[in-house]
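Have a look at the structure below before the remarks.
What follows is calculated from the coordinates using simple rules that are stated; it is not laboratory data. Being a predicted model, the structure only gives us computed values, none of them experimental. Note: ideal-geometry Cβ built from the backbone for every residue, glycine included; neighbour counts use all protein chains shown.
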2 protein chains.
Amino acid sequence: MDYNNWVRGELEVLSKSLGFRYLPREELNGRLTKLKASMDREGIEGVLVVEKMDQYYLSGTTQDGYLYVPLEGEPVFMARRELERASLESPLEDVVPIRSMRELPSLIGEHSGKLPRTLGLELDVFPVRDYFKCQSLFTGVQLMDASQVIRDIRKIKSPFEIDLMRVAGEIGKKVYLEGAEILREGMSEIEFAGLLEAAAKRYGHEGLLRVRSLNYEAYSWHVLSGPTGGIVSQSDSPMGGLGLSPAFPVGASLRIMRAHEPILVDFGTCYHGYQADETRMFSIGRMEKKFLDAYKACQEIHDAVLDQTRPGADCEALFMSTLRLAENMGYKESYLGPSGLQTRFAGHGIGLELNELPFLAKGHAYPLEEGMTFALEPKIVFPGEGAVGIENTVVVTKGGFEILTPLEQKIFRV
Amino acid sequence: MDYNNWVRGELEVLSKSLGFRYLPREELNGRLTKLKASMDREGIEGVLVVEKMDQYYLSGTTQDGYLYVPLEGEPVFMARRELERASLESPLEDVVPIRSMRELPSLIGEHSGKLPRTLGLELDVFPVRDYFKCQSLFTGVQLMDASQVIRDIRKIKSPFEIDLMRVAGEIGKKVYLEGAEILREGMSEIEFAGLLEAAAKRYGHEGLLRVRSLNYEAYSWHVLSGPTGGIVSQSDSPMGGLGLSPAFPVGASLRIMRAHEPILVDFGTCYHGYQADETRMFSIGRMEKKFLDAYKACQEIHDAVLDQTRPGADCEALFMSTLRLAENMGYKESYLGPSGLQTRFAGHGIGLELNELPFLAKGHAYPLEEGMTFALEPKIVFPGEGAVGIENTVVVTKGGFEILTPLEQKIFRV
């Protein structure tokens with residue numbers, strides 16, 4: 001059987017029957033229009049898109065390859081391995097094969113009729129060795145940084161994207177409800193986390209969460225119980241957890257969970273690349289009053305931020321207001337982490353990656369805009385004892401906000 | 001409660017009681033001695049280690065930060081977030097705080113008494129934007145590429161490392177045996193994969209597999225059934241699978257598995273960062289003769305390579321011998337992928353990452369050495385129909401090899 005024929009026929013049918021949603025051309029057009037406007041403003045004549053989620057956003061495919069977007073004319077996707085599948089996945093008309101990076105100038109020249117005078121690259125993640133290769137391949141072309149241009153257009157989500165995040169949120173809801181059925185005393189954190197992950201996968205969760213960074217590793221199995229909730233680690237999070245070893249010192253551990261201690265579950269789900277992030281507290285029997293009170297404070301901070309969430313609200317001001325609230329309620333030393341190790345954000349933009357714009361953080365004095373999506377996560381940490389918190393993913397709407405994680409906001413007591 | 005005191009006391013006790021193995025100083029000394037010999041040869045006076053697995057290998061900690069190794073004198077780990085935990089995890093004496101990259105020159109100068117004239121960076125993964133920052137921070141210092149130096153020393157594993165890989169292999173064995181109890185007709189690929197992942201986590205598998213690359217995403221849930229085994233995707237693998245969406249078009253899908261079709265399970269496990277990779281075939285009822293015959297061919301190729309595996313054997317020659325064997329058995333067009341999309345390796349080095357040296361591949365004409373570890377994975381692919389194969393992780397010993405994945409080599413028929 002010919003492989004390419006099979007992909008062009010049966011693979012498309014099979015994938016659609018299993019719920020694959022391919023990027024519509026109109027949706028891509030909207031994104032390209034925004035990108036080109038920014039390129040024009042920045043004086044970038046062409047962008048070579050390599051980072052996986054940027055490439056997915058601007059082509060519809062994550063197949064191994066390079067995407068070239070010229071300021072004028074059509075983009076071209078150059079597939080390094082699987083041409084037929086890239087053609088199926090991407091609504092772009094021009095999907096061509098490439099064997100190695102060395103062919104980039106000739107393929108781009110052939111496609112666009114000329115090389116750009118200025119070429120944008122994602123310099124925040126692009127490896128130096130590849131940059132040197134580009135310098136020698138594109139002689140006479142000025143290489144520029146296009147990271148910010150792409151990040152900026154990605155921060156406003158379209159209805160198409162918000163819909164995919166909504167599905168991720170619905171998967172999350174099912175996972176937490178199953179979790180409440182599964183949790184029992186004597187389970188280890190990682191056993192519970194593994195079963196949540198298995199449930200999520202059954203509903204189509206893609207398993208990997210993504211962060212734009214060389215070293216930052218995202219994961220969904222963030223189940224922390226009692227003292228492990230008070231541990232900080234490599235991640236920029238109020239609580240990192242113990243993890244499984246010095247090689248993965250974050251998230252769920254082999255610790256056995258006990259009755260009455262706070263069990264914090266921060267589980268992100270991913271659907272068609274789009275993520276929803278949420279946190280709920282679980283307990284086996286009743287939690288101590290100290291934790292119940294702190295949880296109420298988190299809920300109060302969470303609700304107060306949402307009360308102010310609308311286009312125009314300033315992200316830094318929202319963050320600062322949470323600091324004041326936490327202090328007023330007596331949690332100055334434990335809000336967002338142990339004293340001295342507190343994180344400097346109460347919310348992070350989310351979409352294809354977990355560290356998108358906007359940040360509800362100090363130094364982020366810019367307004368919320370309609371279509372921005374962020375995860376809001378006030379948390380309180382008591383070192384050696386435990387952590388509590390709540391988190392939801394929301395989209396900023398014309399009149400305020402919509403919660404994309406529809407799970408009930410309560411403590412799941414089993 | 002004081003957080004730092006708690007980390008210095010109870011966190012250490014808790015983590016050790018849960019099986020954490022911290023890097024022994026003697027083990028680290030051996031690695032540093034090898035690194036310094038290579039640095040000396042290459043004229044590198046200091047290395048700034050950033051990539052997570054390089055950092056773990058050379059410091060014992062994966063906490064967020066920078067490791068500086070001077071050619072002369074002691075290394076220093078500069079912790080960006082969690083100083084106390086980095087101190088606990090690393091056997092290095094010098095673990096100091098750092099707030100931002102800007103402090104690198106002053107901290108390194110203070111520690112070593114001077115700046116190096118040549119500074120090695122991992123340019124194969126180091127982001128360009130950070131490189132530019134280093135250029136402006138380290139004026140007068142020549143920046144060099146230290147990737148190869150570090151990759152080269154990592155390719156020979158110590159008994160300490162091999163022991164951790166052996167544990168990963170033992171976890172894998174338990175996972176596959178549980179899998180044989182779990183698998184049933186009507187399950188989707190991803191449901192089965194999720195349950196395997198949950199079992200693995202319960203035994204201490206760390207969830208994330210790692211590849212040294214900007215974009216290559218490793219995952220353990222590679223369960224392909226019937227036609228999805230014949231699909232190529234973004235990964236450099238004989239078969240990529242359908243996956244869950246265009247954003248994650250690899251690995252297990254929502255396809256329902258049926259009786260008599262080949263079910264390929266390529267599940268990697270990770271313990272203390274060290275990975276074991278293995279593949280076994282499953283079937284519900286008996287597979288068709290075509291697949292049984294192809295599986296036997298894979299086993300034959302696998303065994304033939306192991307017969308030649310010993311220090312001194314040439315990696316390229318081993319690979320070429322598999323091509324000849326496959327051709328002789330009538331699988332020229334289907335060995336290692338669909339015709340035209342065949343991968344060019346039959347084995348890959350493995351340890352902290354899945355793309356370490358050595359490669360059993362064309363263009364890799366160098367000898368196996370004692371202590372090298374690789375995953376050997378002959379596979380045969382029939383587009384539109386299915387794929388079969390076998391994979392084991394082995395270490396090269398003085399007299400030959402030892403298999404680190406002790407699971408029985410057979411088809412798991414349920």
**Request:** Excluding residues on the same chain fewer than 8 positions from B:K16, give the lysines whose Cα lies under 20 Å from its Cα.
**Result:** B:K201
**Asked** Cα convex hull of segment B:90-150: how many Å³ per residue?
**Response** 110
**Stretch gain in nm, segment B:H260-B:D303, where the contour uses 0.36 nm per residue and the Cα spacing is subtracted** = 12.9 nm
**Asked** How much length, in nm to one decimal, is gained on full extension between A:R184 and A:M101, taken as 0.36 nm per residue of separation minus their Cα-Cα distance?
**Response** 24.6 nm
**Asked** What's the center-to-center distance, using Cα atoms, between segment B:348-378 and segment B:271-323 in Å?
**Response** 14
**Prompt:** Tilt of helix B:289-308 relative to the longest C-alpha principal axis of chain B, in degrees (0 to 90, nearest 10)?
**Reply:** 40
**Convex hull of Cα atoms in segment A:311-383, direction-averaged projection (nm²)** = 5.0
**Prompt:** B:Y216 to B:K16: FRET efficiency via 1/(1 + (r/R0)^6), r the Cβ-Cβ distance, R0 35 Å, to the nearest 0.05?
**Reply:** 0.55
**Asked** Cβ under 10 Å from A:D236's Cβ, A:D236 left aside: what net charge do those residues give with Lys, Arg +1 and Asp, Glu -1?
**Response** +2
**P(r) tail fraction, segment A:230-358 - alpha-carbon pairs more than 18 Å apart, %** = 63
**Asked** How high is the FRET efficiency from A:D40 to A:N4, r the C-beta distance, R0 45 Å, rounded to 0.05?
**Response** 0.75
**Item:** Within 10 Å of each Cβ in A:141-148, the average number of Cβ atoms from other chains
**Value:** 1
**Message:** Checking a compactness column here: for segment B:150-241, what do you get for Rg(Cα) / (2.2 N^0.38 Å), N being the number of residues?
**Reply:** 1.26
**Asked** Going from the alpha-carbon gyration tensor of segment A:78-207, what semi-axes, largest first and in whole Å, does one get by taking the root of 5 times each eigenvalue?
**Response** 43, 18, 16
**Prompt:** Per residue of B:212-221, how many C-beta atoms from partner chains lie within 10 Å of its own C-beta, taken as a mean?
**Reply:** 4
**Prompt:** Roughly what % of DSSP beta bridges within segment B:20-153 run antiparallel, to the nearest 5?
**Reply:** 45
**Asked** So what's Rg/Rh here for segment A:15-154, counting alpha carbon atoms and using the Kirkwood radius for Rh?
**Response** 0.95
**Prompt:** Semi-axes of the equivalent ellipsoid of segment A:76-117: what are they in whole Å, largest first, if each equals the square root of 5 times a C-alpha gyration tensor eigenvalue?
**Reply:** 19, 12, 6
**Message:** Relative to 2.2 N^0.38 Å, what does the C-alpha radius of gyration of chain B come to as a ratio? Two decimals please.
**Reply:** 1.05
**Complete:** Taking a crude spin-label model, label points 7 Å out from Cα along the C-beta direction, the A:S339 to B:K398 distance in nm is 5.8
**Request:** Sort out for me the Cα centre separation of segment B:165-213 from segment B:19-53, rounded to whole Å.
**Result:** 32
**Prompt:** If you build the Cα gyration tensor of segment B:40-95 and take the root of 5 times each eigenvalue, what three semi-axes come out, in whole angstrom, biggest first?
**Reply:** 20, 11, 9
**Peptide A:249-259 - average C-beta neighbours from other chains (10 Å radius)** = 3
**Request:** For an R0 of 51 angstrom, estimate the FRET efficiency from the Cβ-Cβ distance between A:Y366 and B:E72 and round to the nearest 0.05.
**Result:** 0.60
**Request:** Could you check the simple spin-label distance between A:D152 and B:E288, using points 7 Å along Cα→Cβ, in nm with one decimal?
**Result:** 5.6
**Complete:** Residue by residue through segment B:139-149, the couplings from Karplus 6.51 cos²θ - 1.76 cosθ + 1.60 with θ = phi - 60°, in Hz, x for Gly and Pro, are 5, x, 9, 7, 7, 10, 8, 9, 4, 5, 4
**Asked** Which lysines does A:K296 reach when only Cα atoms under 22 Å apart count, and residues fewer than 8 places away in its own chain are ignored?
**Response** A:K173, A:K332, A:K379, A:K410
**Prompt:** Which of the lysines could a cross-linker bridge to B:K114, judged by Cα under 29 Å and excluding same-chain residues fewer than eight apart?
**Reply:** B:K34, B:K36, B:K52, B:K133
**Prompt:** For B:G140, what is the net charge nearby, where nearby means another residue's Cβ is under 12 Å from its Cβ and Lys, Arg count +1, Asp, Glu -1?
**Reply:** +2
**Message:** Please report the net charge: other residues with Cβ closer than 12 Å to the Cβ of B:W6, K and R +1, D and E -1.
**Reply:** -3
**Cut-off under 5 Å, modelled amide H: who pairs with A:Q142 long-range** = A:T118, A:L119
**Request:** Mind listing the long-range amide H neighbours of B:G65? Cut-off is under 5 Å, sequence gap 5 or more, other chains count too, H placed in the peptide plane at 1.01 Å from N.
**Result:** B:R80
**When the convex hull of its Cα atoms is projected in every direction, mean area for the protein assembly as shown (nm²)** = 31.7
**Prompt:** What are the ³J(HN,Hα) values, in whole Hz, obtained from phi via the Karplus relation 6.51 cos²θ - 1.76 cosθ + 1.60 with θ = phi - 60°, for each residue of segment B:168-181 in sequence order, with x given for Gly and Pro?
**Reply:** 4, x, 5, 4, x, 4, 4, 5, 5, 5, 5, x, 5, 7
**Asked** What's the angle, to the nearest 10 degrees (0 to 90), between helix B:189-202's Cα axis and the longest principal axis of chain B?
**Response** 50
**Request:** With a bin width of 5 angstrom, please list the P(r) values of segment B:364-414 as percents of all Cα-Cα pairs, from the 0 bin to the one holding the largest distance.
**Result:** 5, 16, 19, 21, 16, 11, 8, 4, 1
